[in-house]
Every structure is written in structure tokens, then in C-alpha cells.
1. Please pick out the residue among VAL284, VAL278 that is buried (at least 16 other Cβ atoms within 10 Å of the Cβ), hydrophobic (A, V, I, L, M, F, W, C) and farther than 30 Å from ASN171 by Cα.
2. Being closer than 21 Å to GLN194 by Cα, out of contact with any Gly (no Cβ under 8 Å at 6 or more places or on another chain) and in a helix (DSSP H, G or I) is the filter here; which residues of the stretch 216-233 pass it?
3. Go through the stretch 1-57 and give me each residue that's assigned to a helix (DSSP H, G or I) and in contact with a strand residue (DSSP E or B) (Cβ under 8 Å, 6 or more places away or on another chain).
4. What is the residue count in the stretch 241-270 for residues that are modelled with pLDDT under 90 and within 18 Å of GLU327 (Cα to Cα)?
5. Looking only at residues that are under 16 Å from the mean Cα position of the chain (by Cα) and not in a loop (DSSP other than H, G, I, E, B) in the stretch 244-271, which one is farthest from SER350 (Cα to Cα)?
6. Please name all residue pairs, on different chains or six or more residues apart, with Cβ atoms under 6 Å, provided the first residue is in the stretch 57-80 and is without any contact (Cβ under 8 Å) to a residue 12 or more places away in the chain and the second residue is surrounded by 15 or more Cβ atoms within 10 Å (Cβ to Cβ) and part of a loop (DSSP other than H, G, I, E, B).
7. Which of the residues belonging to the stretch 220-236 are surrounded by fewer than 20 Cβ atoms within 10 Å (Cβ to Cβ) and in contact (Cβ under 8 Å) with a residue 60 or more places away in the chain?
Amino acid sequence: MDLTHLRKKIDEVDRKIIALLNDRTKLVREVGAKKIEAGKSVYAPEREHEIYRKIDRIAAKKGLPKDALKAIYREIMSAALAMEKPLAIAYLGPEATFTHLAALSKFGSSVEYKACSSFTDVFHEVEMGRADYGVVPIENSIEGAVNHTLDMFIDSDLKICSEIFYEITHNLMTNGTDLRQIKRVYSKAEVFGQCRMWLETNLHHAELMETSSTAVAAQRAAREYGSAAIGSKLAATINNLPILAEAIQDFSANVTRFLVISKHLPGITKHDKTSILVSIRDKVGALYEMLLPIRKYKVNMTKIESRPSKKKAWDYYFFIDFEGHVESPRVKKMLADMESRVKFLKVLGSYPVTGKPKD
């Protein structure tokens, strides 16, 4: 076939793809109408999980890579969500923060995004119904837990309905052309921690200035001569800041786990995770007693994190993740047993397990 004929064949395939997408759209609208009629949430993490697992199974070995197919379907589902019901997603802003990028990787470009100035505001927007979902960081593979997010769950009634693992790449951006000209570096405290060795080696003479987000850091560096910022490539592009050094994080496997929060719990799948918040009684062996039901019912605990309650000295909350859904019989029995042994127990959410990026 010559080039002209090949292009005509591609055009024919494109017409078929568009026709099939339109057929899919009609079905999506019917599904959306039934969800709204039943009072269900439009975004269904369990269905999203099912679609991505289907792509893994049926993707051709010599066709588009699985990640490329998933990216295409992410945008198809994003457009579908917007057609079922206009969705608003709250995140720690401004535009081009890593939380914004993580939200885009989950919900695509067809929904509305609402930049918030703090984690508290993200929770508040969802609680007040001005946003359907919120995206907040919960832990980093290098720096550990994001304590502010953990603290927000203590008093909030919002639920975790999904999680996002997003690979973080930090870049030094500045209007200068020489590292020796940089007197100040702006970024978040957590980012400085993730780039500590590089900064000590290359910018030990510069003052480190903490900001509320990497996007704000880029905005400040763009206005000041002799300043630099550490953040995403998107932040550099938006603020017209040249990148002087790429991928300056100390470890290549730098992944942040984000949580999607809402007023709804997703349905059960075969691959779920549950997060709970527990406060134990002030007595000898209380922590051991709290964990006994996990062993008794053979539930696999994947994470435990402690935080001071801030109400009484040496009083702690424990955040626990384990495999299984809160609606499964075994998990129900385990939670009932645990609740009888502790002072306070709250289910923060049950949601599909998301695979971590490979190192």
C-alpha cells in the first residue's frame, strides 16, 4: 500500500473508533441517570479498578503498552464522568503542585479542579459539598507520613474512596544560569528533605525558604533575581522558569501516596484495602491487645502509624491499613472484636488496592 492508501485506512479506523465512543457515551449517560436516581456516587472506584484490570488482561503484547492504554482510558472515563455529572476535585494548590498532577492522573482533564490553600480547605470543600472529591498526600516513600493529613481524619467524617501512587521528580528551576548565583531556594519542607544530599553538595551556600507548595515556590522564584525553586516541570513551564537541574531527588524511587476523599464508600472488589483510626486504653499491654484480632482473623496488616492525640500527654491515635473490605464477613468480625478492646475505632475507608510504581 502507498502512503495515501494507508492514511485512508487510518481514517476509516478513526471513524469506527469515534462511532464506538459515541455508542459508549450513550450507555454512560444511561448508567449515570440510574446512579443519580439511586442516590449513588457518579465516580465508582471499584468500576475504575475493574476496567484497568481488564486492560491488563486483554492488552496485546505487540500493540500499545498497557500504560498508554490506561492513559487513553483515563481520559475516556474523565469525559464520561463529566457527562454523567459535572465533577469538582479539590486539591492543594495552586496549579502545578504535585497534588494537582496526582489528581490529573486519577481524574483526567475533563473535570473541574479547585485549588485550595491548605489541607484543611481541601477537606472543608468536600464536607460542604462545593467539591465532590478531594486529593491529599498521605505518605512519601522517602520522608514518611504527611502528619497534617493524618490529623485531619481525626475529626472529619469524610471517607477514603481511592488511592493514587505518583512518582515524584524534583527539578531546580531559576532565571539564573549558574548555581553560584543562587542565594535562596524555595520549596516545601518535605521537598527539601527529599533533596537533602543534592542541596548539601551543590547549594550549601543558599538559604532554604519554606513555602506552602512547590507551585508557590516557583511563583516566588520567578519574581526574584538570585532565587530558585524546586518543583515539577509543569510549574517551571507555567512560570516560564528554565530548569537548571533535573531529577535532583536523592533517591530515584521517590513515590508519594495520595488519598481521594469523599462522602461515599466504594463497593467491594476482590482486591481491597481498609484504613482505620484507633485510640487505645491507657493500660499495660493495650497495644498488644488491640492487634490480637488482626492475628486471630488472619488479616494482613500493611501499615501502622501513630500520632499524638493532642488532647492528653502521651495519648496516641493509631492509623492502620490492612487488606480486605469493611463489608467482608472476616473483616467485620475482626473489627467488632477490636472495637471491644479499644477506647475508640473509626473506619476511614475501604477502597481498591492500587499497584505501586515499579522501582
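The values are calculated or read from the model by the stated rules, or taken from the named source; none is laboratory data. Since this is a predicted model, take the numbers as computed values, not measurements. When we count neighbours, we look across all protein chains shown, and the Cβ atoms used for this are built from the backbone with ideal geometry, even at glycine.
1. Numbers: VAL284 fails: buried (at least 16 other Cβ atoms within 10 Å of the Cβ).
That would be VAL278, the only listed residue that is buried (at least 16 other Cβ atoms within 10 Å of the Cβ), hydrophobic (A, V, I, L, M, F, W, C) and farther than 30 Å from ASN171 by Cα.
2. Within the stretch 216-233, the subset closer than 21 Å to GLN194 by Cα is 216-221, 227-233.
In the following step, the residues that additionally are out of contact with any Gly (no Cβ under 8 Å at 6 or more places or on another chain) were identified as 216, 219-221, 227, 229-233.
Once the filter is applied, which keeps residues that are closer than 21 Å to GLN194 by Cα, out of contact with any Gly (no Cβ under 8 Å at 6 or more places or on another chain) and in a helix (DSSP H, G or I), the stretch 216-233 yields VAL216, GLN219, ARG220, ALA221, LYS233.
3. First pass over the stretch 1-57, keeping only residues assigned to a helix (DSSP H, G or I): 3-37, 45-57.
Answer for the stretch 1-57, where residues must be assigned to a helix (DSSP H, G or I) and in contact with a strand residue (DSSP E or B) (Cβ under 8 Å, 6 or more places away or on another chain): PRO45, GLU46, GLU48, HIS49.
4. Adding up the residues that qualify gives 7.
5. For the stretch 244-271, the residue satisfying everything is VAL255.
6. Listed pairs, sorted by first residue: LYS66/ALA59.
7. The first filter runs over the stretch 220-236 and keeps only residues surrounded by fewer than 20 Cβ atoms within 10 Å (Cβ to Cβ), leaving 220, 222-226, 233-234.
LYS233, LEU234 - these are the residues of the stretch 220-236 that are surrounded by fewer than 20 Cβ atoms within 10 Å (Cβ to Cβ) and in contact (Cβ under 8 Å) with a residue 60 or more places away in the chain.
Table: residues versus (1) small (Gly, Ala, Ser); (2) surrounded by fewer than 18 Cβ atoms within 10 Å (Cβ to Cβ).
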residue	(1), (2)
GLY108	yes, no
THR120	no, yes
VAL126	no, no
TYR133	no, no
ALA145	yes, yes
